[in-house]
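This report refers to the structure that appears directly beneath it.
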Amino acid sequence: MARFPDPPHAHVPGQTPRHPEGTFAALCNTVQAQQPPGAVFASDAWRAGLQFLETGYFWEAHEVWEAVWMALPEGTEARRLVQGMIQLANAELKQVMQRPKASLRLCEIALTHLQGLDPDLWDRAGIQETEIRNRLVDLRQSRANYAL
């Protein structure tokens, strides 16, 4: 998989500056409405979001995935998958912001969106369902430890 340039910094609301308008426009423009899910999941926007999630750029992952989510038809499993991943990125961001209750709430929302999706969809999206579910469980557990 191609490696995308890291964003200039990780935006953490209230802690670091927001990126200038249009910073992610080139990535967002790689996905268009009415594309089949396979094309959407092959887009640079989707793939960069996956990379950003893995490298700790949680706000940035959400930013590029918003374009992916908007390109998918309402009520589809593909849109639910993207929405779940956006909520995972949000939960990770809230954890960084030391807002454990918000992180836990977002984990629950993510799990709801990801519930019962076709296993082939996970494959087409290039992600492992087990890894994402384990990540959400770990995040929920770290929230529980934070509260102790």
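The values are calculated or read from the model by the stated rules, or taken from the named source; none is laboratory data. Bear in mind the structure is a predicted one, so any value in this text is a computation, not a measurement. Glycine gets a Cβ as well: all are built from the backbone with ideal geometry, and neighbour counts include every protein chain shown. Ligands, DNA and RNA are stripped out before the accessible areas are found, and what is left, the full protein with its side chains, is counted by its heavy atoms. Shrake-Rupley method; radii C 1.70, N 1.55, O 1.52, S 1.80 Å.
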### Task
Let me have the 222 nm mean residue ellipticity of the chain computed from DSSP H runs of 4+ only, each contributing -39500 (n - 2.57), with the sum over all residues rounded to the nearest 500.
-20000 deg cm²/dmol
#### Entry: Accessible area per residue in Å² at 1.4 Å probe, computed on the chain
52 Å²
### Query
Where in the chain lies the longest segment free of GluC sites (Glu not before Pro) that are both loop residues by DSSP (not H, G, I, E, B) and have at most 14 other Cβ atoms within 10 Å?
75-148
### Task
Using a Gaussian network model of the chain whose springs link C-alpha atoms within less than 10 Å, name the residue from 127, 109, 86 with the highest mean-square fluctuation.
127
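What's the magnitude of the charge dipole for the chain around its Cα centre, counting Lys and Arg as +1 and Asp and Glu as -1 at the beta-carbon? Answer in Debye, nearest 20. Each step should come with its number before you reach the end.
On the way: 14 positive and 17 negative charges, 108 e Å.
The dipole of the chain has a size of about 520 debye.
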### Task
Tally up the carbon and sulfur contribution to the accessible surface of the chain as a whole percent, 1.4 Å probe, everything protein left in place.
52 percent
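Please give the length that would be gained between residue 26 and residue 70 if that part of the chain were fully extended, namely 0.36 nm times their separation in residues minus their C-alpha to C-alpha distance (nm, one decimal). Let's see the in-between values first.
On the way: separation 44, 0.36 × 44 = 15.84 nm, distance 1.57 nm.
That works out to 14.3 nm of additional length.
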